[in-house]
1. With respect to Cys107, is the statement that it is away from the ligand (no atom under 16 Å from the Cβ) and surrounded by 15 or more Cβ atoms within 10 Å (Cβ to Cβ) true?
2. Output the residues belonging to segment 113-144 that are surrounded by fewer than 16 Cβ atoms within 10 Å (Cβ to Cβ) and either within 16 Å of the ligand (Cβ to nearest atom) or polar (S, T, N, Q) (or both).
3. Within segment 281-315, take every residue that is assigned to a helix (DSSP H, G or I) and open to solvent by less than 50 Å² (accessible area, probe 1.4 Å) and give me the one that is modelled with the lowest pLDDT.
4. Return the residue satisfying two criteria in turn: it lies in segment 208-234 and is open to solvent by 50 Å² or more (accessible area, probe 1.4 Å) and not in a helix (DSSP H, G or I), and of such residues it is nearest to Arg197 (Cα to Cα).
5. The conditions are (1) more than 16 Å from the ligand (Cβ to nearest atom); (2) within 16 Å of Arg129 (Cα to Cα); (3) of a type in the set (Phe, Trp, Tyr), and Phe13 fails exactly one of them. Which is it?
Amino acid sequence: MDRVILHSDLNNFYASVECVLNPELRDKYVAVCGRREDRHGIVLAKNMKAKKRGVKTGEAIWEAKIKCPELVVVTPQFNEYIKYSKMVRNIYLGYTDKIEAFGMDECWLDVTGSRRLFGDGEKIAEMIRCEVKEKTGLTVSVGVSFNKIFAKLGSDMKKPDAVTVINREDYKEKVWNLPVSELLNVGRASAKKLRDRGIKTIGDLANSKRELVISWLGKNGEMLHNFANGTDVSPVMPYYYTEPAKSVGHGITCVENLKTDREVWKVIFELTQDISHKLRATNVYAGGVAIGIKNSRLSVTEFSGILETPTHNAREIALKAYELFKSNYIWQNEVRAVSVRAVRLTSNRFARQLSLFENNFKAEKIENIENAIEEIRMRYGKKFITYGALMGDLKMPPYKEAEIILPSFRTY
Ligand SMILES: [Mg+2]
């Protein structure tokens, strides 16, 4: 039996939230941009009207203003976006608990088991579309299909505030003439490789010999061939799913030896950015932290400790790691390499939330800021946003040279 999968995508999410919060903006050309005094002021999102004038995500404010001089520039309110994103997910939860988020504004929903209660996939999509609009003032585009890939393509076909169904009978007609770059996981490099071999559309890819595609793109080629043929069977992960991992860590050998606490702190904080990212991606919290130090004489020591409250926040993990370093490391030698690991991983969000509630408002604020940073990085890459503390001389090799320490099975 075929599955029924929805992909629901909030339209112009950031800009739409701004228009809900301030209805006066609704009839204006709106762009949500990084701070204006910041010379990197960049368009993060725009509403429909601005989009029609050619305003593009990622361009500089001044470029956008040339195309659209009346453009109203607003600064992002990430706390609000997170709030609205959660509201919408709560609506989805009324229809199924198989909800897999893809960024803040997109989710897959497996509603195969919900049809007896609500009707077929298209009906459920319509109900969701109406409920989201009524309860939040936001609109979604929903794709309905028998796999995640086509559902995602469907949500892109009619926007905003619309439902598109792609079924076994019409997928060739609806999907196969789209450019191959539209397919999920076809990055710029793969698209070029495929184009160089005459594969321009998703249909071209679907009808290519499987072995050939694998010989061009390796394992990814096998997956993409499945995607194009509608034979992808990857499940929609349950909303409360957690990855089984024992620890998550990153380490680095510095380009120059570190000589002061301050330098060590910066490296720790940078490393924990990646750890936090990984923890969030796998939906787990660190119950403890371990820090490894290799000194200039190449001797390695590791210290570990328990966190009062499980966390996935970079700053909290970094502070613990630094505390461990300060109370254990004796500065007889310079520091050559640093590694930080999140250990005692737990999926117990409840413990986290409860103690956040008891502790103070500030912790929640930090949590929200970090959530927002994470969200921006998911969209625009790690380098797009960082802490002031991490600017300047880090004595670390460029990011892509960072070595990743894979989860280990050491227990503490
Ligand atoms: Mg969207």
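The values are calculated or read from the model by the stated rules, or taken from the named source; none is laboratory data. All values derive from a computational prediction rather than experimental measurement. Here the Cβ positions follow ideal geometry from the backbone for every residue, glycine too, while neighbour counts run over all protein chains shown. The area values use the complete protein model at the heavy-atom level, side chains included, leaving out ligands, DNA and RNA. Shrake-Rupley method; radii C 1.70, N 1.55, O 1.52, S 1.80 Å.
1. No, not satisfied.
2. Across segment 113-144, the qualifying residues are Lys133, Gly137.
3. Thr282
4. Going through the qualifying residues, I end up with Lys209.
5. Condition not satisfied by Phe13: (1).
Listed here are the residues, each with its yes/no results for (1) under 19 Å from Thr139 (Cβ atoms); (2) under 21 Å from the mean Cα position of the chain (by Cα); (3) within 16 Å of the ligand (Cβ to nearest atom); (4) open to solvent by 40 Å² or more (accessible area, probe 1.4 Å).
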| site | (1), (2), (3), (4) |
| --- | --- |
| Lys49 | yes, no, no, yes |
| Ala60 | no, no, no, no |
| Lys65 | no, no, no, yes |
| Thr96 | no, no, no, no |
